[in-house]
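To keep things clear, I will list the structure first and then write my remarks on it.
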């Protein structure tokens, strides 16, 4: 603590591309607020003192209404408000537009920890390492209650909702260590659901990647490999082969395709669609097939679903070769323990002591 | 207000009997259908709930002086802030002005003998108390840890006494619906002859707008909370994500009421301020119709902005932007009110008495509270600020700086009418200033710490010990504020027994309640039927000021009294 | 504050009872309501046009249309809005208008599919309405 | 507690806060209507939830709704429409001052209300026997490793054959079925609660008229309870097609 208590720091670090734009808007509104407040307060004081009882001022014919003045006091705030609205809405649309070239990181919120998983399979608890200058897109889902991923230095926040993927993008611009907070009350240890965001320069990032994340001795399976593991364990390939067959459609190249359902409706096969198709397959059936797929709603964790989807995504890359499914199955067969994809990361020494204790509880 | 007495006086010429001493038995109080007695009983009840809510607030502030907490476990801390929020919102802010001052004054101000449905009024008092005690029981039996917003699925999986608490809130909700039904019936149908809509005091206009909001909004939140109860109690799954239900739908339905609820809290306060400013500037309110219609338009627009609580809760971007736009437009009628109040002082004769000090304080704080609302109405700035102490500071500026200051102003204004005694002006002015200073000291630092990123409802902030500075300031301020709230409780109670007799119109104010009733009023309010012939607020500032010009020394003496 | 005596066709005398709904009207409305009920059920099961029977939107609109008509009859005649004061009319209409303000909420769910603006990724489809199984067999 | 206004008239009693009987009657009706607006919003939120979920999961709702007995629902519609009719008549006779016929109509209404509850008991009973009440006994569709469960409900067997419907297989997603039944039981349950409150109000009204209570001085109390009852009918007018007659 020490001297830190008396540190006066009016502005949190600006560590993302959006932060400076955000602060520009913030301080513009602040200036308007101060000007308006001073104007009104001084006006009140001026009139109150000028017209306090007993002063000798002209009090004849006090005005009871004046439509022109009313129009003015409605018009000026309205125009200013609309100006701010336009500015703000524009920036909001920008910040909610997910960059195409973003590095994708998956985030699972649960009581009371953040779990992150990188595309290359590195898993982190309550810590997130990202390279500087690279747009990062968090694809988030909650296992239990609603959380809010809040990165104050990035001026970024979005809710993490159960049953639905939400997204949050930011571009870190300054290396350093920043806060990850939960801004939505989520139960007893809400205030301990904090973590660190490490923004690293290219050299550090390379080293960190090389080590497979600084917490792991062995190089972990990447997302696709872990997904292949799940694929094999659950026997997905028994029905979903490289080509459409009477039992099941092929999943090769499915991501992003528009699928026609038995009822004639169409759906774009995005991440949410695939999650639903894995967890509650009978909800929507692709035209031409029957409702035969088992329900994996309770047997697969959110992490496993994410990995499986990444694996399915990888199938689309390989231009639909028939062998790919079998091949992928055999790649993962070498270290066939399915606990490797468990969210709790038991084998790792993730997080500092503070976070680990909260995780074990 | 000018009005003439018509017909022969049916009661005996004024006798010292009034509503307070009409009957002395306990039963005559507890089963009274007199709107004034019900108002007084509400006063006692809300003060009780406010006291408990304040203790919870004090515990929160004390706990936050250290980054690692001092006394409470996280579990107890969560229960404490939930208790604070639930009691203050549902048992205090939503009801305080309408139930105490509205109940007491509305029939008198419009020249009626009582509310339209006196027995319903009594029923709603007892529903309010029942609801309140169920809520308190839920705290005693284990507490509630989901915050006052009860977001699902947290509130459906929590193992605390949420069901009992929600049942209490449900009952309180219907209590405020019945009060609102009563207000609507009374204001529509019970006005004295000649009391046209544009002769109504603005206090009535704002209560009418409030009542409309209550009957349209409260049932929605009642059913929503009821659904949480059935989800907890029977396993029904209406918001459950596992069944395909949408937890965000709960937020939609919740804020459909709970944003308008903010206007339920603040609109009656606007009414009080209009009355006080007009009386102590000794002149009619500037732009009467604009102030009246701004109440209605706030009530109307207030229903279309609930989505600004949900910009980040995976609501569609398009809808978020539309809600943001309407929220910005909503700033306009509020600005109209503030400017009209300010201009009311022009060519007036301003008295700095206790209620006026509260009203001026209200205006200053409401301007800040309202303008900081712009940060949150604007979609982009909301991204960083929502869910932080910035929000906490903002709504306390509106709710405490707005509603509570106006309520205290109103209580001080109508206290002589309610109880026939005056209080010490010195202590009154002193407490108004202490509250103003203490309030700003408490909540202004929270804007700053919120901008720095301190999430609300956090128990610890050991990861950022530099925030302690702001929390220390805030806690120090809250001590001052608490002391400021304690003072009126003491000297007002003292005045009940030892205060000077007030006389029917101590402020020399206009309005039926001042000019045609005794202090305290008799049970039937008026001794004769009333016929209103002219508009409200016919003050004469020039003449009023002259009275003080002539004898300036006496004025100084009077002010120092 | 005087009552709004707009419609005098129902005045049937009697102390203070200005607007009494005639017995004949009550019976007629009851007949309409019963007919509406029968029509709803008949249409739902025995509509002789199979194409329409398969048309979800039409069937839904038909059933709801009849329900709205029945509701209109009940509100206007049985609940006396037609003979009521202007205030009662305002309340009756206002209540139902506000019922639809509640449905602004649907705009959130409806507008989610509109989201993909240039450069945006696909909107999460779990937020979208989708029909489910048509033919489970 | 309330003493009559000093004006001496032969007409109904006027409470002290009112000027005349007309003001009193209008005030009561305004109050009742503002309360009904509240009720509209109360059920409105439920209708909104229903609309949203049916829109999202229309086909599941269609499949699940086949578990409901549309004949019983239809019977209940008939009963409620009849009761609405008798209430309208009761108000008519109350306005004309024909207490005898008024009481008969009120009694018929109460009978209808009990009839409604009886039908609901059969429906709910059968649903509970089939494990369709969405509590922890809830079970829908084919369970793996079990025979197709065909629980016979004693409530179904007691029904006359006219009212029985063909037993449908439990198709559709069990989770959506649970969602459907959650909303179904909430909405119809709350509606049933309103019916019970209506019965209490009608009974109290009849007793007060019978003992010539000073509380009932004119037709307004009957009209107010009538308004409430018409509202209850109104809700069911929409509930019936929305739950029992979902089109494909």
Can you find a residue in segment A:193-202 that is on the phi < 0 side of the Ramachandran plot and assigned to a helix (DSSP H, G or I)? yes
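With respect to residue D:35, is the statement that it is within 30 Å of residue D:105 (Cα to Cα), within 7 Å of another protein chain (Cβ to nearest Cβ) and either in a loop (DSSP other than H, G, I, E, B) or modelled with pLDDT of 90 or more (or both) true?
Details: within 30 Å of residue D:105 (Cα to Cα): yes; within 7 Å of another protein chain (Cβ to nearest Cβ): yes; either in a loop (DSSP other than H, G, I, E, B) or modelled with pLDDT of 90 or more (or both): yes.
Spelling it out, residue D:35 is indeed within 30 Å of residue D:105 (Cα to Cα), within 7 Å of another protein chain (Cβ to nearest Cβ) and either in a loop (DSSP other than H, G, I, E, B) or modelled with pLDDT of 90 or more (or both).
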Go through segment A:159-185 and give me each residue that's part of a strand (DSSP E or B) and either facing chain B (nearest Cβ under 7 Å) or under 14 Å from the mean Cα position of the chain (by Cα) (or both). A:159, A:160, A:162, A:166, A:167, A:168, A:169, A:170, A:179, A:180, A:181, A:182
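Regarding segment D:40-63, can at least one residue be identified that is within 20 Å of residue D:199 (Cβ to Cβ) and either surrounded by fewer than 23 Cβ atoms within 10 Å (Cβ to Cβ) or at the interface with chain C (Cβ under 10 Å from one of its Cβ atoms) (or both)? Before the answer, list the steps.
The initial filter retains those residues of segment D:40-63 that are within 20 Å of residue D:199 (Cβ to Cβ), namely D:42-43.
Of the ones still in play, those that are also either surrounded by fewer than 23 Cβ atoms within 10 Å (Cβ to Cβ) or at the interface with chain C (Cβ under 10 Å from one of its Cβ atoms) (or both) are D:42-43.
Checked against the condition, which is being within 20 Å of residue D:199 (Cβ to Cβ) and either surrounded by fewer than 23 Cβ atoms within 10 Å (Cβ to Cβ) or at the interface with chain C (Cβ under 10 Å from one of its Cβ atoms) (or both), segment D:40-63 yields at least one hit.
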For residues that are under 28 Å from the mean Cα position of the chain (by Cα) and facing another protein chain (nearest Cβ under 10 Å), tally how many sit in segment B:197-248. 15
Might you let me know whether segment A:135-144 holds any residue that is in a loop (DSSP other than H, G, I, E, B), in contact with a helix residue (DSSP H, G or I) (Cβ under 9 Å, 6 or more places away or on another chain) and at positive phi? no
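How many residues does segment B:506-521 contain that are assigned to a helix (DSSP H, G or I) and touching a strand residue (DSSP E or B) at 6+ places or on another chain (Cβ under 8 Å)?
Here is the first cut: in segment B:506-521, the ones assigned to a helix (DSSP H, G or I) are B:512-515.
Remaining after also requiring touching a strand residue (DSSP E or B) at 6+ places or on another chain (Cβ under 8 Å): B:512, B:515.
Qualifying residue count for the region: 2.
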Out of B:325, B:360, B:330, B:318, sole residue that is buried (at least 22 other Cβ atoms within 10 Å of the Cβ) and either more than 22 Å from residue B:264 (Cβ to Cβ) or at the interface with another protein chain (Cβ under 7 Å from one of its Cβ atoms) (or both): B:360
Report those helices (runs of 4 or more DSSP H) wholly inside segment B:385-484 carrying at least 1 residues which are closer than 29 Å to residue A:197 by Cα, touching a strand residue (DSSP E or B) at 6+ places or on another chain (Cβ under 9 Å) and free of Cβ contacts under 8 Å to residues at least 40 places away in the same chain. B:425-452
Inside segment A:112-135, the number of residues satisfying the requirement of being within 14 Å of another protein chain (Cβ to nearest Cβ) and crowded, with 23+ Cβ neighbours inside 10 Å is 3
If only one of A:223, A:261 is touching a helix residue (DSSP H, G or I) at 6+ places or on another chain (Cβ under 8 Å) and either at pLDDT below 80 or not assigned by TED's automatic domain parsing to the domain that holds residue A:171 (or both), which one is it? A:223
Residues of segment B:530-559 being at pLDDT 80 or above, more than 10 Å from chain A (Cβ to nearest Cβ) and surrounded by 15 or more Cβ atoms within 10 Å (Cβ to Cβ), in sequence order, are B:530, B:531, B:532
Looking at D:110, D:197, which is the one that is modelled with pLDDT of 95 or more, closer than 30 Å to residue D:219 by Cβ and out of contact with any helix residue (DSSP H, G or I) (no Cβ under 6 Å at 6 or more places or on another chain)? D:197
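With respect to residue A:109, is the statement that it is in contact (Cβ under 8 Å) with a residue 40 or more places away in the chain, more than 7 Å from chain B (Cβ to nearest Cβ) and closer than 28 Å to residue B:378 by Cα true?
On the way: in contact (Cβ under 8 Å) with a residue 40 or more places away in the chain: yes; more than 7 Å from chain B (Cβ to nearest Cβ): yes; closer than 28 Å to residue B:378 by Cα: yes.
Answer is yes for this residue.
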The lone condition residue A:80 fails out of (1) on the phi < 0 side of the Ramachandran plot; (2) touching a residue at least 40 places away in the same chain (Cβ under 8 Å); (3) outside the structural domain of residue A:21 (by TED's automatic domain parsing); (4) touching a helix residue (DSSP H, G or I) at 6+ places or on another chain (Cβ under 8 Å) is (3)
Give the number of residues within segment D:84-125 that are within 11 Å of chain C (Cβ to nearest Cβ) and under 25 Å from residue D:155 (Cα atoms). 0
Go through segment D:171-229 and give me each residue that's outside any helix (DSSP H, G or I) and within 13 Å of chain B (Cβ to nearest Cβ). D:172, D:173, D:215
Among the residues of segment C:114-123, is any modelled with pLDDT under 80, touching a helix residue (DSSP H, G or I) at 6+ places or on another chain (Cβ under 7 Å) and either facing chain D (nearest Cβ under 7 Å) or closer than 27 Å to residue B:301 by Cβ (or both)? yes
If I filter segment A:142-158 down to residues being surrounded by 23 or more Cβ atoms within 10 Å (Cβ to Cβ) and over 15 Å from residue B:312 (Cβ atoms), which single residue comes out as farthest from the other protein chains (Cβ to nearest Cβ)? A:153
Residue check, residue A:95 touching a helix residue (DSSP H, G or I) at 6+ places or on another chain (Cβ under 8 Å), facing another protein chain (nearest Cβ under 9 Å) and under 21 Å from residue A:173 (Cα atoms): yes
Please work out if residue A:73 is farther than 30 Å from residue A:201 by Cα and surrounded by 18 or more Cβ atoms within 10 Å (Cβ to Cβ). yes
Does residue A:26 fit the bill of being closer than 23 Å to residue B:276 by Cα and outside any loop (DSSP other than H, G, I, E, B)? no
Quick check on segment C:66-79. Is at least one of its residues touching a helix residue (DSSP H, G or I) at 6+ places or on another chain (Cβ under 7 Å), over 30 Å from residue B:316 (Cβ atoms) and part of a loop (DSSP other than H, G, I, E, B)? yes
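Being facing another protein chain (nearest Cβ under 7 Å), at pLDDT 85 or above and surrounded by fewer than 18 Cβ atoms within 10 Å (Cβ to Cβ) narrows it down to one of C:88, C:101, C:97, C:68, so name that one. Reasoning before the result, please.
On the way: C:88 fails: surrounded by fewer than 18 Cβ atoms within 10 Å (Cβ to Cβ); C:97 fails: facing another protein chain (nearest Cβ under 7 Å); C:68 fails: facing another protein chain (nearest Cβ under 7 Å).
Only one candidate passes the filter, namely C:101.
The values are calculated or read from the model by the stated rules, or taken from the named source; none is laboratory data. Treat the numbers as computed from the prediction; the structure is a model and nothing was measured. Heads up, the Cβs are rebuilt from the backbone with ideal geometry, glycines too, and the neighbour counts pull from every protein chain shown.
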